[in-house]
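Throughout, read-outs are computed from the coordinates displayed, never taken from laboratory work. Predicted, not measured: the structure shown is a model, and the values here were computed from it. Quick reminder, even Gly has a Cβ in these numbers, built from the backbone with ideal geometry, and neighbours come from all protein chains shown.
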Amino acid sequence: MENTKKVAANAATAFIANGDLRLSDHFKLREFTLSGAAIRYNLDNTPTTVEVERLRALCVNVLEPLRHRFGVLRITSGYRSERVNKIVGGAVRSQHRLGEAADIHVSSLEVAQKMCHFVKEHLDFDQLILESVAKTGARWIHVSYKATGNRREFFTLKR
Ligand SMILES: [Zn+2]
């Protein structure tokens with residue numbers, strides 16, 4: 001009995017660590033766990049089963065509809081383990097820590113505004129932030145989703 005349990009637990013861990021795990025029709029786990037910081041500092045960035053389920057909910061409820069409307073999305077940051085989050089300077093209570101948030105690359109301010117408008121008009125979400133860095137010209141959309149109590153908060157953030 002003990003042995004069977006142990007094997008099952010190992011199988012579950014291996015399954016989650018597998019980047020090929022499909023979260024929804026067009027998104028795989030790898031897109032949310034790949035992290036430059038994790039590679040550079042050799043840090044584990046593997047979500048727990050609960051965190052994977054949150055990523056799945058984000059995909060199904062927000063990212064799939066967005067992709068359907070705008071085409072292929074490039075996720076620049078998804079899940080962050082505690083250590084990865086610390087190294088990239090993420091907020092302690094960042095929803096990236098929980099598997100509830102993703103950053104989406106946007107090619108222009110116009111596209112970013114169209115995407116934000118679509119999310120606000122058609123989808124349920126917790127936080128939607130149009131972020132940009134003046135110095136580098138980088139621009140992305142941070143969007144999060146919770147199973148319950150979504151706040152539908154929107155704002156822009158210039159760094
Ligand atoms: Zn973010």
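Among Leu128, Leu21, Leu34, whose mean-square fluctuation peaks in a Gaussian network model of the chain (Cα, cutoff 10 Å)? Looking only at Leu128, Leu21, Leu34, the biggest GNM fluctuation is shown by Leu21.
Near Gly99, the amide H atoms lying under 5 Å from its own belong to Arg80; only residues 5 or more places off or on other chains count, and H is placed 1.01 Å from N.
In the range 12-159, a dipole from Cβ-located charges (positive for Lys and Arg, negative for Asp and Glu) runs towards its positive end, and of Leu21, Asn61, Ile129 it is Ile129 whose Cα lies farthest in that direction. Each of Ala147 and Glu110 was given a label point 7 Å from its Cα along the Cα-to-Cβ line. The distance between the two points is 4.2 nm.
Taking amide hydrogens as placed 1.01 Å from N in the peptide plane, the amide H of Lys28 sits under 5 Å from those of Leu23, each at least 5 positions away in sequence or on another chain.
Among bridges DSSP assigns within the range 2-158, what percent are antiparallel (round to 5)? Counting DSSP beta bridges with both partners in the range 2-158, the antiparallel share is about 70 percent.
Here's how it looks for Thr76: its modeled amide H is under 5 Å from those of Asp103, Ile104, His105, which are all 5 or more places away or on a different chain. The magnitude of the dipole of the range 2-158, with charges of +1 and -1 set on the Cβ of Lys/Arg and Asp/Glu and taken from the Cα centre, is near 300 debye. Restriction of the chymotrypsin sites (Phe, Trp or Tyr not before Pro) in the range 13-122 to DSSP coil positions whose beta-carbon has at most 16 other beta-carbons within 10 angstrom yields Tyr41. Counting charges near His117 (Lys, Arg +1; Asp, Glu -1) among other residues having Cβ under 14 Å from its Cβ returns a value of +2.
How many Lys pairs in the chain lie less than 22 angstrom apart by Cα atoms, where the lysines are 8 or more positions apart or on different chains?
Values: Lys28/Lys146; Lys86/Lys158; Lys114/Lys158; Lys120/Lys146; Lys120/Lys158; Lys135/Lys158.
Pairs that pass both the separation and distance tests number 6.
Classify the chain from the C-alpha gyration tensor, please: rounded if a/c falls under 1.5, else prolate or oblate depending on whether a/b exceeds b/c.
Working: a/c = 2.07, a/b = 1.57, b/c = 1.32.
In terms of gyration-tensor shape, prolate.
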